[in-house]
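Step one of this worksheet: look at the structure below.
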Ligand code: HPA
């Protein structure tokens, strides 16, 4: 083992020690989305662990991110409130350490949520975007560095990063709940500055629909270790150049407003995914 794999293994052992057997799904909640955890946990008694109690996880430094893991007793998922970002000065390897530990623990499905800015007027604040793919413009890749045998392949295939069945389940769930939703391509930038109007135009030309400062590197690490990934992005604002002023406080406020919808969508998606499709849904999906 080298230093990054031993850091992941130490974290995996800590997860096992605190929570026991792995849940089927882990849900990583983005900016202003931590209360989705309580909404999804319902009244179920839960084991709560501050991420500062876990080895190798620096505390979050950003308003709107709480560092806590919650395992509701009667549900088959773990909620991760708060993530680490490149713009906080962390390496990609540190940012994805928890995702890797979840995979090594045995978690099969990973739901990644985030807040994003829209690169196109059709993607409106208040909509949820099911990620079909991403463009990683963060300048970082969590797989850089020494390849360790047994930890995924050196050159992993990035076709279908976002699991088709989970995407379809999310779409069916959104239809059932009448949630305003679109499919789209997520561009990950490094941040922390928001994008200039010229960058926004360029990203849209490249094929991006929404932009944010997380998720793609986590999805890469998760796929590398064989997890199935669902990405759900809450559009909080039109990105730079559409006329509005951008502030993190507004992003977090908008994201918070959307929490009940996001919680219902995740709950219904996980329910739909474990059911066989209804004939009417099968035709539309
Ligand atoms: N740009 C980058 N990240 C974001 C944005 C944005 O406009 N909104 C929310 N996260």
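Regarding region 5-150, what is the average projected area of its C-alpha convex hull, in nm²? Please report the intermediate quantities before stating the final value.
Working: hull surface 39.1 nm².
Taking the Cα atoms of region 5-150, their convex hull projects to 9.8 nm² on average.
Take the Cα radius of gyration of region 165-207 and divide it by 2.2 N^0.38 Å, N being the number of residues; the result is 1.60. Note on the chain: antiparallel DSSP beta bridges, both residues inside, total approximately 30 percent of the bridges counted.
Descending by average beta-carbon neighbour count within 10 Å, the peptides 145-154, 9-18, 164-173 line up as 164-173, 9-18, 145-154, the highest first. Semi-axis lengths, largest first, of the ellipsoid equivalent to region 176-236 are 22, 18, 10 Å, with √(5λ) applied to each eigenvalue of the Cα gyration tensor.
Here region 225-268 is described by how far its Cα atoms reach on the three principal axes: 40, 26, 15 Å, from widest to narrowest. Can you give the log10 of the normalised intensity I(q)/I(0) at q = 0.20, 0.21 Å⁻¹, computed with Debye over equal Cα scatterers of region 62-215? Here the Debye-derived log intensity ratios amount to -1.62, -1.68. The share of Cα pairs per 10 Å bin across region 1-90, counted from zero up to the longest distance, runs 17, 48, 31, 5, 0 percent.
Entry for the chain at q = 0.11 Å⁻¹: log10 I(q)/I(0) = -0.59, Debye formula applied to identical alpha-carbon scatterers, no solvent contribution.
Taken over the alpha carbons of region 3-51 as equal point scatterers, the Debye sum produces base-10 log I(q)/I(0) values at 0.19, 0.24, 0.30 Å⁻¹ of -0.82, -1.10, -1.23.
Using only the Cα atoms of region 152-259, what semi-axes does the equivalent ellipsoid have when each is the square root of 5 times a gyration tensor eigenvalue? Give whole Å, largest first. If you can, show how the numbers build up before the last one.
On the way: eigenvalues 127, 78, 33 Å².
In descending order the semi-axes read 25, 20, 13 Å.
Based on the alpha carbons, how large is the Rg to Rh ratio for region 123-174 when Rh follows Kirkwood? That ratio is 1.09, to two decimals.
Tell me, Kirkwood radius of region 92-182 from alpha-carbon pair distances, in Å? Radius from the Kirkwood sum: 15.8 Å.
The numbers here are math on the coordinates, done by the rules we state, and not lab data. Here the structure is a predicted model, which is why all the values come from computation and not from measurement. No Cβ is skipped: glycine too gets one built from the backbone with ideal geometry, and neighbour counts run over all protein chains shown.
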